[in-house]
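The values are calculated or read from the model by the stated rules, or taken from the named source; none is laboratory data. Given the structure is predicted, the values throughout are model-derived calculations rather than measurements. Areas reflect the complete protein model, heavy atoms only, side chains present, ligands, DNA and RNA absent. Shrake-Rupley method; radii C 1.70, N 1.55, O 1.52, S 1.80 Å.
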Amino acid sequence: MAWDEWEQLKAEATQRQSAQMQLNQYPADGGGPGASDRLKSDKKAWVKAGEGTKRLEEPIGTALTKLEDGQAGLGESAGCQSVAAQKELYDSWNKYVKDVRERCKSLGGLLESSGHDLSKTDGSLKSELDAIKAKYKDTEAVGGQAKGQ
């Protein structure tokens, strides 16, 4: 293949990709028709969402107490497989529910602060949300799995 022919093929491919990209985006002048009218953020809504999410901590704390109360009196797990399985399940759910409670507090605080300070960039909010997601990654399922049998 001649060098000129190769350069021509590359140029045609670039033009095809540019045309596709332009079809999928609004012009750089601020968006489509009426975009500025639709893209408004209400600080009160962000704060209210944050406060509501943080308030979930109380009923989750109540659920944790009930979970702990239900576990009381189970006794030692030595020699009884069902008691050992119950303890393992309890430990797993206890950790999970505690993480859910902490996640609600963290996310609620982030939403609330976003309402107070909407000057954060999308990138900074995304990195804060990613940090919450990574910190409270769901635990692996443990119940119902055969252990070495």
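Among residues of region 122-149 being within 18 Å of the chain's Cα centre (by Cα) and among the β-branched types (V, I, T), the one that is modelled with the lowest pLDDT is T139. Considering each residue of region 62-82 in turn, at least one proves to be outside any helix (DSSP H, G or I), open to solvent by 80 Å² or more (accessible area, probe 1.4 Å), at negative phi and at pLDDT 60 or above.
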